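The values are calculated or read from the model by the stated rules, or taken from the named source; none is laboratory data. What you are looking at is a predicted structure, and each value in this text was computed from that prediction instead of being measured. Here the Cβ positions follow ideal geometry from the backbone for every residue, glycine too, while neighbour counts run over all protein chains shown.
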Amino acid sequence: MTTPTAGDRALQGVLFVATAVACFAALDTTTKVVSTAAPLLLAVWFRYAFQAVVTAGVMLPRRGLSLLRARHPWLQLLRGVLLFVSSMLSFVALRFTPVGEFTAIIMLTPLVVTVLAATSLGEKVSPLRWLLVFGGFCGALVVIRPGREMFDWSGLLPLLLVAVLGSFQALTGKMARIEDPGTTHFYTGLVGAALGTAALPFVWTALPLDIWLLLLLMGVFGSVGHMMLILGYARAPVATLTPYLYLQVVFATLGGWLVFAHVPDTWALLGILAICLCGAAGTWLSARERRRTDAAESGYMPPEAEGI
């Protein structure tokens, strides 16, 4: 069997990531449909219960009880709560925000992580990265346009969601160095399912079969998307794959057009473009700077890390 070259693996990584973001865009589009037809907590409970069952079914037979051994259970609980809150905010925000614009604003999350790294972790951030953060938030304001005649304060919900997701990703980055990824993934679904189950007696209601099928579809899209993302990052570095994450905005805009007949106006498109360009460039610069720092600490400076 021929060993795949670095170029082959990079191409495979791009294809996996493109498939992942297509699944995530389909998940958001389906969520927008369900958000007006099912109780919020019931839908969120099903999403996490599905993930917990699938993760346990796949990983417990392979890992056994070692999967349950968390080194920092309180951090696992906090991470699960943050993601559960972000899921609830997503459901509410998608009731009022078109899918394409919603997805574009969520793509501000890497820029928020940059701000959190600088303010909370003391990480040095270059002036160019700060400029990209400013450009991304300007793009978000163009999409939302608080001063426009039809503006509603619900339009700010995606920005609140970005703040929660930024905290979630910053915590995830810290835990990636001290916890087993499989254990973290398992507890994320378990915490969400437990929180949803606690609220279930108060929100349970009979739903039509088609809504249950849509909820099941959401679970499939989410599970497949996360699996594709893991496979992608196992084959290519972050700096290579980051620009392709922004294909999710394209897929989400397409979903909004096909399902809801919504097309962003010119100003929204300009704001979406600014967010995508600034977000992709900011994440790429972060990865380059991290490689340069690691190379300097090891005493070896690879050619691609020079001249940054």
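Residue count for the stretch 195-226 under the criterion of being free of Cβ contacts under 8 Å to residues at least 60 places away in the same chain and under 21 Å from Arg79 (Cβ atoms): the result is 1.
Note on the stretch 168-213: residues that are over 12 Å from Gly80 (Cα atoms) and among the small types (Gly, Ala, Ser) amount to 7.
Residues satisfying the criterion are present in the stretch 6-14 (criterion: within 19 Å of the chain's Cα centre (by Cα), closer than 28 Å to Leu273 by Cα and of a type in the set (A, V, I, L, M)).
Taking the stretch 113-133 as the search range and keeping residues that are at pLDDT below 75 and crowded, with 21+ Cβ neighbours inside 10 Å, which one is nearest to Val191 (Cα to Cα)? Spell out the reasoning first.
Initially, the stretch 113-133 is screened for residues at pLDDT below 75, giving 113-125.
Checking the rest, the ones that are also crowded, with 21+ Cβ neighbours inside 10 Å come to 113-114.
Values: Val113: 23, Thr114: 27 Å.
Here the answer is Val113.
Please indicate, with yes or no, whether at least one residue in the stretch 166-182 is under 14 Å from Val112 (Cα atoms), modelled with pLDDT of 80 or more and either aromatic (Phe, Trp, Tyr) or not in a helix (DSSP H, G or I) (or both). Yes; the residues of the stretch 166-182 include at least one that is under 14 Å from Val112 (Cα atoms), modelled with pLDDT of 80 or more and either aromatic (Phe, Trp, Tyr) or not in a helix (DSSP H, G or I) (or both).
Table: residues versus (1) closer than 27 Å to Leu132 by Cα; (2) of a type in the set (Asp, Glu); (3) modelled with pLDDT of 85 or more; (4) outside any helix (DSSP H, G or I).
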residue	(1), (2), (3), (4)
Asp8	no, yes, no, no
Lys32	no, no, yes, no
Leu65	no, no, no, no
Leu77	no, no, yes, no
Phe91	no, no, yes, no
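Determine which member of the set Val81, Val92, Val54, Val44 is of a type outside the set (Asp, Glu) and buried (at least 19 other Cβ atoms within 10 Å of the Cβ).
Val44
Table: residues versus (1) among the hydroxyl-bearing types (Ser, Thr, Tyr); (2) within 27 Å of Leu190 (Cα to Cα); (3) assigned to a helix (DSSP H, G or I).
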residue	(1), (2), (3)
Thr19	yes, yes, yes
Val44	no, yes, yes
Val54	no, yes, yes
Arg71	no, yes, no
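You will find that of Val259, Val224, Val203, the residue that is at pLDDT 70 or above, touching a Ser or Thr at 6+ places or on another chain (Cβ under 6 Å) and at negative phi is Val259 and no other.
Which of the residues belonging to the stretch 198-250 are part of a loop (DSSP other than H, G, I, E, B) and hydrophobic (A, V, I, L, M, F, W, C)?
In the first step, residues of the stretch 198-250 are kept if they are part of a loop (DSSP other than H, G, I, E, B); the result is 204-208, 234-237, 246.
The answer is Trp204, Ala206, Leu207, Ala234, Ala236.
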